[in-house]
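One structure is given here, and the rest of the page talks about it.
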Amino acid sequence: MSDVYINNIQKFMPNEPVDNKDIEEYLGYIGGKKSKAKNIVLRSNGIKRRFYVLEKGTQKPLFTNAQLCSNAIEKLIDEDFTLENIECLACGTTSPDQLMPGHTLMVQGELGINGIETISASGICLSGINALKYIYYGIKAGEITKAVSCGSEASSPILCARNFTEESNHKLAELEKNAGIAFEKDFLRWMLSDGAGAMRVENSPNKNKISLKIDFIDVLSYAGEMPVCMYSGLEILENNSIQSWRAYEQEEVMKKSLLSVRQDVKLLNENIVEYTVIKPLIEIIKKRDIKAEEYNYFLPHYSSTYFRDKLYEGLKKANFEIPYDKWFTNLVTHGNTGSASIYIMLEELFNSGNLKKGQKILCYIPESGRFSTAFMSLKVV
């Protein structure tokens, strides 16, 4: 089987960074009032800046998700690589521009390339790593030699105030007491960010500069025992059964904001470490025979600095303690870019000039849709 190498990583962040004080100037004011949850959530998540595809003041998208991807992918072009070299294109996102066609086909259309294999990956925050794993398998099997993987999010159009207007009117009496919407939705408005990252992945390393050899990508899900935690397009009923938005009249879909993104914050807090760190890591340690001291860098995707210490304690419980001085994250300056997050972190580290041959990197990517996780091990070569 062929080894697999990441030979270039690039990112594309839309427009200028948005500071905390300006968020509602882009997303709008739900019910015409400032959010009461905003400052509470921002103090907890520690995020100082994020990026939006939206134009300030108009809520007009200036980029599509597909365009975020194509911009990141075009930055991969150099003396060793052109778009015509791509044999397979794999893109993952939580927020495609449309239900059909598939997201990757729209990215391919933006790039104007033909005759390639494509795959559109989903899985909320795992979407990007799922896309990469498809390519990893293809190169391992000898079916692919040169490919591009991409993770992206364009969440801000979903978070716009206009998407909640119907619910605000419908619950006017409640809004007199609480200017915000249900906290499980408001929670995510102050956390999510837009952006895309792209990787050039091949069956041989760079000759004159560093590459990242993929040792393994392990993805584990616990949806068989865990309930839905982060969701869109459904309603959880009083008896905990699930009903799709397709079962409702269009007017009711709008009134209930069923297409907004929601998070069960209590369920998240109680289970995210146990089911995305401790349980899976213990299994992976046993399978891969890895040791914490082998790694020079730990790149964790977490949605909020609130979870930083909880994650550290989870690593300790799995007997895999990695000291904070080995951690690398850019959550504070880039926001939670979901499936693009691990790409955007790796892009910064890969192009920093700090990596040395022989160093090892462990990446952690959880998702709270129904509690799945991925760990990826890389070696600098």
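Note that the range 5-207, at 4 °C in a medium of 1.567 mPa s, gets a Stokes-Einstein diffusion coefficient of 71 µm²/s from its Kirkwood radius over C-alpha pairs. Taking 0.36 nm per residue of separation and subtracting the Cα-Cα distance, full extension of the segment from E293 to K207 would add 28.1 nm. Can you give me the C-alpha center-to-center distance between the range 305-352 and the range 249-288, rounded to a whole angstrom? If we compute the Cα centre of each part, the gap is 18 Å.
Rounded to two decimals, the Cα radius of gyration of the range 286-381 over 2.2 N^0.38 Å is 1.05. Note on K33/Y306: beta-carbon distance plugged into 1/(1 + (r/R0)^6) with R0 of 30 Å gives a FRET efficiency of 0.75. Against the compact-protein benchmark of 2.2 N^0.38 Å, the Cα-based radius of gyration of the range 238-343 scales to 1.41.
Dividing the Cα radius of gyration of the chain by its Kirkwood radius returns 0.96 for Rg/Rh. Between the range 227-242 and the range 77-96, the C-alpha centres lie 35 angstrom from each other. I'd like the FRET efficiency for K317 and S122, computed as 1/(1 + (r/R0)^6) with the beta carbon distance as r and R0 of 30 Å, rounded to 0.05. FRET efficiency, K317 to S122: 0.50. Net length available on complete extension from K326 to S352 is 7.9 nm, with 0.36 nm assigned per residue and the Cα-Cα distance removed. A simple count of charges around A66, restricted to other residues whose Cβ falls under 9 Å of its Cβ and scoring Lys, Arg +1 and Asp, Glu -1, yields -2. Treating r as the C-beta distance of K286 and I236 and R0 as 51 Å, the FRET efficiency rounds to 0.90. Note on R162 and D19: their simple-model spin labels are 2.7 nm apart, each label 7 Å out from Cα toward Cβ. Taken along the Cα-to-beta-carbon direction at a fixed 7 Å, the label points for E110 and E251 span 3.8 nm.
Every number in this text was worked out from the coordinates using simple rules, so none of it is lab data. Everything numeric here is computed off the predicted structure, so don't read it as measured data. Note that we place each Cβ from the backbone using ideal geometry, even for glycine, and neighbour counts take in every protein chain shown.
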